[in-house]
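The values are calculated or read from the model by the stated rules, or taken from the named source; none is laboratory data. In this text, all values refer to a predicted model and were calculated from it rather than measured experimentally. Backbone-built Cβ (ideal geometry, glycine too); neighbour counts: all protein chains shown. Ligands, DNA and RNA are stripped out before the accessible areas are found, and what is left, the full protein with its side chains, is counted by its heavy atoms. Shrake-Rupley method; radii C 1.70, N 1.55, O 1.52, S 1.80 Å.
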Amino acid sequence: MGLVSNAFPPEALQKLEYGNLGIGHTRYSTTGISELQNCQPFVVETLHGKIAVAHNGELVNAQKLRKQVMRHGVGLSTSSDSELIMQLLALTPPMEELDTPDWVARYYREVLPGEIVQISKHGVKTLSVVPRPEGDPPAFCIFEYVYFARPDSIFEGQMVYSVRQRCGRQLAIEAPADADVVSTVPESATPAALGFAQQAGLPYVEVLCKNRYVGRTFIQPNTRLRQLGVAKKFGALTDNFAGKRVVLVDDSIVRGNTISPIIRLLREAGAKEVHIRVASPPIRFPCYMGINIPTKEELIANRPEFENIARYIGATSVVYLSVEGLVAAVQGGVASREEKDAVIGGKASRKGGHCTACLTGKYPVELEW
């Protein structure tokens, strides 16, 4: 339990003398309480060999799966839904051989929804465990493009960095601002800020210096800790913006707690105006697939303050990207790669769907309670 740097200091890692592969996991609890018994990876011996599972996300049909596993006479030792994945893998038949070239450390293709891929010194094996009818569109999390994924990640044949840049361009079209410079809340919003600056014809400058030793603030357990985290997270690069009107591009505003200290920091350092432009729509609904947005009441977009959010957070103006603009920015790259990616792993590529439930309240699966 605790931070990785505390749980695994260098002297502890040096004791790991055997093996050449490993998996690990850091998580905050969504399903299952935060206790040692729920720490991952989960490890179990099966007829197919030892299986270890590390999983990030949430199973919306966890209760049904728990009953399914228990009917097979399998007892569960944790309250985490991730343990169910391990037990279900233990029940699956062995994987079938896939005709693929020798595996090397390079991008080959994406793992398909419901597919299990085994990579070993003997080659690549794959098994599809979730049948999908032809024409059934996927529902890829659109928030991966907005915030969670690394910018060099590739989803649906397109790089996340390019999608975020298109979001910034679309934001500049939808919500221009009279300003002198464009900047970002580093780092996931940087591509969107560059896209905004390019579309608006304004110079891009850095206004915030990020402390590399402070983690993500949005997952802190309460408002006070999130705001203290922001205070330690950024310093002002005053020479770049003093006396100027600043457009500050952020990737999202969830609770509205962390942006206010940043605006205050810029104003106290000499910014004439601070216009907030958000490269995603307002988040209005909880996610039941694993993002830590547990209640509608926590979301700033559902609170009375949202009626005048600029005054509430201390900004000159605040405008969000529209849902249509975000979807267009994401799916535009999928469409442009359609011909090149006509075949993925020997199967027809589906131009598809994206889950926008946290923005629209339209969930891709029926929720079970």
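In segment 268-310, which trypsin sites (Lys or Arg not before Pro) are in a loop and have at most 15 other Cβ atoms within 10 Å, using DSSP for the loop call? Spell out each step's value before the answer.
On the way: sites: Lys272, Arg277, Arg284, Lys296; in loops: Lys272, Arg284.
Here the sparse-neighbourhood loop sites are Lys272.
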How much of the calculated P(r) for segment 236-297 lies past 16 Å, in percent of all Cα pairs? 53 percent
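With +1 assigned to the C-beta of every Lys and Arg and -1 to the C-beta of every Asp and Glu, and no other charges, what is the dipole magnitude of segment 248-336 about the Cα centre in debye, to the nearest 20? Don't skip to the answer; put the middle values down first.
Details: 9 positive and 9 negative charges, 28 e Å.
For this selection, approximately 140 debye.
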Note, ³J(HN,Hα) from phi for segment 247-261, Karplus 6.51, -1.76, 1.60, rounded to Hz, x at Gly and Pro: 9, 10, 9, 10, 7, 6, 10, 8, 9, x, 7, 8, 7, 4, x
For Ser153, other-chain or 5+-apart residues with amide H closer than 5 Å (H placed, Pro excluded) are Val160, Tyr161
Heavy atoms only, probe 1.4 angstrom, no DNA, RNA or ligands counted: give me Met289, Met159, Met86 ranked by accessible area, highest first. Met159, Met289, Met86
Distance from segment 265-315 to segment 25-78 (C-alpha centre basis), Å: 34 Å
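Using 0.36 nm per residue, how much length does the chain from Val365 to Met70 gain when fully extended, once their Cα-Cα distance is taken away? Before the final figure, lay out the partial values.
Working: separation 295, 0.36 × 295 = 106.20 nm, distance 2.35 nm.
So the extension gain works out to 103.8 nm.
Using heavy-atom solvent-accessible surface (probe 1.4 Å) with all chains present, what is the largest-first order of Glu110, Glu368? Please report the intermediate quantities before stating the final value.
Details: Glu110 40, Glu368 75 Å².
The most accessible residue leads, giving Glu368, Glu110.
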Output ³J(HN,Hα) for segment 317-332: one whole-Hz value per residue in order, computed from phi by the Karplus curve 6.51 cos²θ - 1.76 cosθ + 1.60 with θ = phi - 60°, and x for Gly and Pro. 7, 9, 9, 9, 5, 6, 4, 4, x, 5, 4, 5, 5, 6, 7, x
Ranked output for segments 33-43, 10-20 by mean other Cβ atoms within 10 Å, highest leading, reads 33-43, 10-20
In whole Hz, what ³J(HN,Hα) sequence does segment 191-202 give by Karplus (6.51, -1.76, 1.60; θ = phi - 60°), x for Gly and Pro? x, 5, 5, 5, x, 4, 4, 5, 5, 7, x, 10
Carbon/sulfur accessible area of segment 1-80, % of total, 1.4 Å probe, equals 55 percent
